[in-house]
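Since the structure comes first, as structure tokens, the remarks are kept for the end.
The values are calculated or read from the model by the stated rules, or taken from the named source; none is laboratory data. All values reported here derive from a predicted model rather than from experimental measurement. Every residue, glycine among them, receives a Cβ derived from its backbone with ideal geometry; neighbour counts consider all protein chains shown.
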Amino acid sequence: MKIFKEKLGRVLASIALVFVLLVGVGGYTAWYHLFRDVPLTYESPEEHFKYGSIGTEPSQGVPYWIWLVLPRIFPDKLPGAGGYTSLGITWEEGKETPVGFTKKTIGFPRVGITCAVCHTATYRTSPVEKPYIFPAGPSNKFDLQGYIRFLGAAASDPRFNADYILDEIKYNHDFSWVENLLYRFLIIPQTKKALLQQNTDFEWMNSRPNWGPGRIDPFNPVKFNTLKLPKDDTIGNSDMMPIWNQKLHKGSALHWDGLETSLKETVQTGAIGDGATKDSLPVADLQRVEDYITELAPPKYPFAIDEQLASKGNQVFANTCASCHAFGGERTGTVIPVEEVGTDRHRLDMWTQQAADTYNHFGDGYPWDFSQLRKTNGYVSVSLDGLWIRAPYLHNGSVPSLEDLLEKPENRPKTFYRGYDVYDSLRVGFVSEGKEAERVGFKYDTTVAANSNQGHLYGTDLSNNDKKALIEYLKTL
Ligand code: HEC
Ligand code: HEC
């Protein structure tokens with residue numbers, strides 16, 4: 001009996017030990033494959049800006065291996081050949097992800113977006129050339145709406161299942177037995193669910209005009225999804241902005257309508273707007289981004305400039321534009337009432353006092369906090385640094401070139417193509433008509449709601465010679 005008892009004790013003890021080990025190993029395995037947070041560090045501030053995390057992966061990260069194979073399973077849901085690059089995404093040679101996309105491991109590798117996906121400009125001098133890439137410039141070809149719709153359409157398709165996806169991943173990567181199980185029974189089904197949810201969260205955009213490449217409706221998702229405010233029917237479509245040279249922008253209101261006055265808050269709300277959560281907001285990483293865009297100078301105009309003509313143009317600028325646009329100008333960086341500047345008012349009307357108030361309370365109780373969001377009555381007279389690569393112009397990107405902006409609205413193009421990054425140094429902007437621009441680009445129609453090209457009549461009365469000189473000067477900014 002005693003022996004038996006001892007035996008039983010030993011058996012029980014070893015069962016318990018095996019159990020503890022199993023739970024331990026299981027717990028450890030689960031933690032390792034699902035939650036282990038591997039820091040993503042880049043020494044270079046530019047690499048950090050292009051590929052470093054802004055905290056979007058825990059809630060918005062798409063599992064890397066799934067993300068990688070989706071364009072191969074669903075090429076029919078993309079606008080053209082070339083996988084993700086058909087959505088205007090820039091992929092540097094030898095990189096695992098495109099510019100503006102992170103690969104960060106939280107349990108398993110996940111793909112998140114960064115500031116650089118919207119804040120990186122490119123241009124080419126011919127259709128066969130590789131693009132020149134300028135971090136912190138406004139992205140002129142990335143179609144975020146197309147990307148959201150692609151992920152939604154893929155998740156809605158019956159082929160989005162473990163058999164298809166694991167079969168395709170095999171061509172890139174060998175999973176261990178445990179990984180295979182986790183992807184089949186947990187990660188793939190959960191990803192499908194999350195992408196379907198995202199599709200539902202963005203349904204509101206299908207009843208409004210398309211954004212097109214280089215534009216987004218940046219604050220309606222914040223209102224509806226982050227702040228949980230009721231849906232309204234506003235249209236906030238706006239062009240991407242450059243974010244370089246902030247040192248010289250000090251004191252300027254931020255965002256097209258000046259809804260912010262603090263750069264730090266603008267950087268942090270940028271991350272929240274892209275999917276960082278209250279708990280994942282990486283304050284130190286974002287400080288690095290802020291430091292980078294504070295010091296980074298805009299790129300110089302890469303083609304020949306007629307210096308003599310430009311210095312004549314400098315005079316024209318001083319007389320007609322500088323009060324609103326030169327650094328240190330009397331009204332530079334302030335909000336110009338919408339009635340005065342006369343441009344499309346949809347973007348302005350999208351943001352409300354209620355949204356500003358709600359956002360100012362969003363971070364209550366956290367070490368970071370927002371307090372500078374506000375409602376304004378117009379658009380900011382923005383600084384014009386790096387202007388040459390900021391086309392199309394105005395807050396809604398409704399005017400394709402500087403030459404067109406100096407024309408009266410009735411003489412500005414009524415439709416044109418955007419999203420094609422071959423440069424047009426004659427009109428100063430991107431090529432916006434012709435076969436290639438039409439093939440690659442998005443037809444922008446200025447009669448569509450929120451797309452109006454009215455207003456900003458400054459300089460439209462100048463003589464042709466003065467306009468030519470002014471444009472030559474604007475190239476030097
Ligand atoms: C999904 C695209 C997108 C991402 C990602 C994004 N932004 Fe922006 N950002 C925009 C757009 C569009 C605007 C202009 C919005 C408006 O006012 O209508 C803007 C405006 C800004 C401005 C104001 C510039 C000025 O001169 O007023 C700053 C600063 C900024 N973003 C920084 C960031 C930072 C830093 C990040 C990353 C943490 C980030 N953004 C992520 C699209 C994006
Ligand atoms: C009274 C102030 C004021 C004056 C004067 C003025 N602007 Fe502007 N400008 C603005 C405002 C406000 C905006 C933003 C309007 C919008 O996007 O809806 C703007 C936008 C612009 C943009 C678009 C920038 C971008 O990134 O898309 C350009 C280019 C520009 N102005 C050039 C000029 C030139 C050239 C002159 C002189 C001929 C001039 N402006 C005179 C207030 C002014």
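Scan the range 103-132 for residues that are within 15 Å of Trp91 (Cα to Cα) and either assigned to a loop (DSSP other than H, G, I, E, B) or of a type in the set (Lys, Arg) (or both) and the total you get is 8. Whenever a residue of the range 252-277 is part of a helix (DSSP H, G or I), its partners that are among the β-branched types (Val, Ile, Thr) and more than 8 Å from ligand 1 (Cβ to nearest atom), lying with C-beta atoms within less than 6 angstrom and at least six residues away or across chains, give the pairs Gly273/Val222.
Checking the stated criteria, Val222 turns out not to satisfy the condition of being over 26 Å from Asn360 (Cβ atoms) and either of a type in the set (D, E, K, R) or in contact (Cβ under 8 Å) with a residue 60 or more places away in the chain (or both).
Residue-by-condition table, conditions (1) without any contact (Cβ under 8 Å) to a residue 40 or more places away in the chain; (2) farther than 22 Å from Asn210 by Cβ; (3) touching a helix residue (DSSP H, G or I) at 6+ places or on another chain (Cβ under 6 Å):
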site	(1), (2), (3)
His361	yes, yes, no
Gly365	yes, yes, no
Val380	no, yes, no
Thr415	yes, no, no
Arg427	yes, yes, yes
Ser432	no, no, no
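Could you go through the range 441-450 and let me know if any residue there is over 23 Å from the mean Cα position of the chain (by Cα) and among the aromatic types (Phe, Trp, Tyr). No, the conditions are met nowhere in the range 441-450.
Considering only the range 135-166, how many residues are among the β-branched types (Val, Ile, Thr) and either farther than 27 Å from Leu186 by Cα or surrounded by 21 or more Cβ atoms within 10 Å (Cβ to Cβ) (or both)? The number of residues fulfilling the criteria is 1. Inspection of the range 445-466 finds no residue satisfying the criterion of being closer than 22 Å to Arg124 by Cβ, touching a strand residue (DSSP E or B) at 6+ places or on another chain (Cβ under 6 Å) and of a type outside the set (Lys, Arg).
In summary, Ser323 fulfils each of the numbered conditions (1) away from ligand 2 (no atom under 14 Å from the Cβ); (2) free of Cβ contacts under 8 Å to residues at least 24 places away in the same chain with the single exception of condition (1). Put simply, of Leu477, Leu462, Leu426 the only residue that is surrounded by fewer than 23 Cβ atoms within 10 Å (Cβ to Cβ) and more than 24 Å from Gly137 (Cα to Cα) is Leu462.
For every residue, the table says whether it meets (1) modelled with pLDDT under 95; (2) within 15 Å of ligand 1 (Cβ to nearest atom).
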site	(1), (2)
Cys324	no, yes
Phe327	no, yes
Glu339	no, no
Leu348	no, yes
Thr358	no, no
Asp364	yes, no
Asp369	yes, no
Gln372	no, yes
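Taking each residue of the range 70-85 that is of a type in the set (S, T, N, Q) and looking for partners that are surrounded by 13 or more Cβ atoms within 10 Å (Cβ to Cβ) with beta-carbon atoms closer than 6 Å, six or more apart or interchain, yields Thr85/Trp91. Residues that are surrounded by fewer than 20 Cβ atoms within 10 Å (Cβ to Cβ) and either more than 10 Å from ligand 2 (Cβ to nearest atom) or in contact (Cβ under 8 Å) with a residue 60 or more places away in the chain (or both) were ranked within the range 338-350; the one that is farthest from Asp461 (Cα to Cα) is Asp349. The residue pairs whose first member lies in the range 434-447 and is farther than 23 Å from Pro409 by Cα, whose second member is surrounded by fewer than 21 Cβ atoms within 10 Å (Cβ to Cβ) and at pLDDT 95 or above, and whose beta carbons are closer than 8 Å, counting only pairs six or more residues apart or on different chains, are Glu436/Val422.
Results for (1) in a loop (DSSP other than H, G, I, E, B); (2) free of Cβ contacts under 8 Å to residues at least 60 places away in the same chain, shown as yes or no for each residue.
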| site | (1), (2) |
| --- | --- |
| Arg288 | no, no |
| Ala304 | yes, yes |
| Ile336 | no, yes |
| Phe370 | yes, no |
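On the basis of being without any contact (Cβ under 8 Å) to a residue 12 or more places away in the chain and either in a helix (DSSP H, G or I) or surrounded by fewer than 19 Cβ atoms within 10 Å (Cβ to Cβ) (or both), does Ala297 make the cut? No: the conditions fail for Ala297. Note on the range 87-108: residues that are more than 16 Å from ligand 1 (Cβ to nearest atom) and crowded, with 22+ Cβ neighbours inside 10 Å amount to 0. Restricting Leu281, Leu263 to residues that are farther than 18 Å from Thr376 by Cβ, over 15 Å from the mean Cα position of the chain (by Cα), among the hydrophobic types (A, V, I, L, M, F, W, C) and more than 16 Å from ligand 2 (Cβ to nearest atom) narrows the list to Leu281. Number of residues in the range 228-245 that are away from ligand 2 (no atom under 15 Å from the Cβ) and buried (at least 18 other Cβ atoms within 10 Å of the Cβ): the value is 1. For the range 397-409, does any single residue satisfy the condition of being away from ligand 1 (no atom under 15 Å from the Cβ), more than 20 Å from Thr261 (Cα to Cα), of a type in the set (Gly, Ala, Ser) and crowded, with 21+ Cβ neighbours inside 10 Å? Scanning the range 397-409 turns up at least one residue that is away from ligand 1 (no atom under 15 Å from the Cβ), more than 20 Å from Thr261 (Cα to Cα), of a type in the set (Gly, Ala, Ser) and crowded, with 21+ Cβ neighbours inside 10 Å. Does at least one position in the range 357-364 carry a residue that is buried (at least 19 other Cβ atoms within 10 Å of the Cβ) and part of a loop (DSSP other than H, G, I, E, B)? No.
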